[in-house]
Amino acid sequence: MQKPLATGLTLALMTGMAPALAEESTAWRLFVADHTDPVVTALDVESGATVGQFQLAGPATLYATPSRAAVYAVQTAANQVAVITTGITVEDHGDHGDLKLEKPSLVDLPLTGERPVHLVEHDGHVAIFFDGVGATQLVEERDWLAGRLEPHEYSTSAPHHGVAVPIGSHLVISEPNAADPSALPIGVRVLDQDGQAVGGLHDCPDLHGEASSGDTLAIACAAGLLVIKDGDKAPSVELLPYSSELPAGKSTTLLGGVGMQYFLGNYGADKVTIIEPGAGTPFRLVSLPTRRVHFAVDPQRVRFAYVVTEDGDLHELDIIDGAITRTLKVTDPYSMDGEWSLPRPRIAVAGPDIVVTDPLKGVIHIVDAEGFELERDIAVEGRPFNIVAVGGSGEPAGHHHH
Ligand code: ZN
């Protein structure tokens with residue numbers, strides 16, 4: 001009965017819920033890490049006001065989770081990970097949500113260990129891989145936010161650039177290359193809660209990149225993607241090989257579609273691939289005009305993802321059509337020549353807005369996703385770099401109309 005593309009407003013009028021909607025308020029916060037300084041700034045998107053600023057031990061890579069409760073700051077060089085409460089709570093009351101806003105705060109309880117890099121969250125379980133020891137610490141988000149940090153450690157046979165992913169009651173963990181642990185991992189093992197291996201090694205040479213979409217986890221390997229689903233007793237693991245029509249290459253960074261099941265991966269410097277396990281054409285390549293700097297999926301307008309390229313352009317990518325639909329100049333060029341760790345733009349999606357950091361200008365560009373136009377800039381001291389957005393809408397807490 002409902003048209004798939006009906007707007008929220010149309011639906012509201014159709015179902016006679018307009019008065020309830022009128023009371024809804026929306027809040028989006030940006031958490032932005034400086035490129036060089038150990039500081040994270042929390043900003044209100046609407047007003048541009050700073051709502052919090054947190055001093056860390058080292059420059060951070062940031063992760064937000066679907067709970068909207070936490071932002072993780074992985075400080076690789078400082079050998080620790082911090083958690084920041086977002087101050088945003090959307091309570092699910094079934095027929096509506098209640099939105100509560102508080103000040104964000106840094107939980108004074110960092111998780112320490114040698115060289116943390118990849119962090120993966122699933123259903124409130126957070127797995128942080130410490131490359132320097134080749135082990136993962138598994139932490140419960142709810143506990144950590146409440147000031148209880150009781151990590152469970154799962155080790156591998158050698159320090160390596162690895163990853164661990166919680167899936168159901170199991171943990172998928174990378175297997176180091178025994179001949180040369182400084183090389184990429186050669187596969188994954190599935191562990192149970194006691195850390196016991198379930199089944200054997202699943203080959204995945206040159207493992208780098210993982211993402212989840214719906215009930216499916218994908219891990220990128222040299223020859224294709226491991227597609228992993230939770231099962232009755234243990235997760236199932238299957239290789240989806242790259243099609244022979246594809247040019248030589250592989251994905252090393254994956255994103256998972258939200259609200260629509262797909263994966264988006266890099267494929268060479270100036271291409272991305274839209275991946276749909278089980279589809280007739282599981283890999284569709286999209287060429288970019290220049291090299292890719294960063295990309296993000298849109299969790300609300302689910303058929304779109306965004307890519308920023310080194311010429312300073314932001315592209316809207318239609319996942320269904322597999323094509324770039326709109327392009328907007330957002331920054332000066334940021335060449336991909338030189339170290340990968342140089343300050344370059346990063347993208348996040350904050351409800352109706354696409355936000356793009358411009359570290360050399362010291363601003364965040366706010367782009368209206370619907371009109372695909374630059375709305376305004378928010379100035380941030382230093383070099384705003386890694387960014388995540390957290391937000392939602394609901395009735396202001398305390399205003400019940402049951
Ligand atoms: Zn990595």
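Listed values, structure above:
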| quantity | calculated |
| --- | --- |
| Translational D in µm²/s for the stretch 153-203 (Stokes-Einstein at 25 °C, 0.890 mPa s, Kirkwood Rh from C-alpha pairs) | 223 µm²/s |
| Phi-based couplings in Hz for the stretch 184-196 (Karplus 6.51, -1.76, 1.60; Gly and Pro marked x) | 5, x, 9, x, 10, 10, 9, 10, 8, 4, 8, x, 7 |
| Over the chain: Rg over Rh, Cα atoms, Kirkwood Rh | 0.95 |
| Fraction in percent of alpha-carbon pairs per bin - 5 Å, the stretch 233-353 | 2, 11, 21, 23, 19, 13, 7, 3, 1, 0, 0 |
| Share of pairwise Cα separations in the stretch 243-297, more than 12 Å, in percent | 64 percent |
| 5 angstrom amide H check on Gln53, placed H, neighbours 5+ away | Ala42 |
| Ellipsoid semi-axes in whole angstrom, largest first, where each is sqrt(5λ) of the Cα gyration tensor of the stretch 91-208 | 31, 17, 12 |
| Pairwise Cα inverse-distance average, inverted: Kirkwood Rh of the stretch 116-163 (Å) | 10.8 Å |
| ³J(HN,Hα) computed for each position of the stretch 74-79 - Karplus, 6.51 cos²θ - 1.76 cosθ + 1.60, integer Hz, glycine/proline x | 8, 10, 4, 5, 9, 6 |
| At 0.890 mPa s and 25 °C, Stokes diffusion of the stretch 36-136 via Kirkwood alpha-carbon radius, µm² per second | 168 µm²/s |
| 4 °C / 1.567 mPa s Stokes-Einstein diffusion coefficient of the stretch 284-333, Kirkwood radius on C-alpha pairs, µm²/s | 119 µm²/s |
| Residues whose placed amide H lies under 5 Å from that of Tyr262, excluding near-sequence neighbours | Gly257 |
| For Gly224, residues with placed amide H under 5 Å, excluding near neighbours | Tyr242 |
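Bear in mind that the values in this text are calculations on the coordinates, not laboratory data. Model, not experiment: these values are computed from the prediction.
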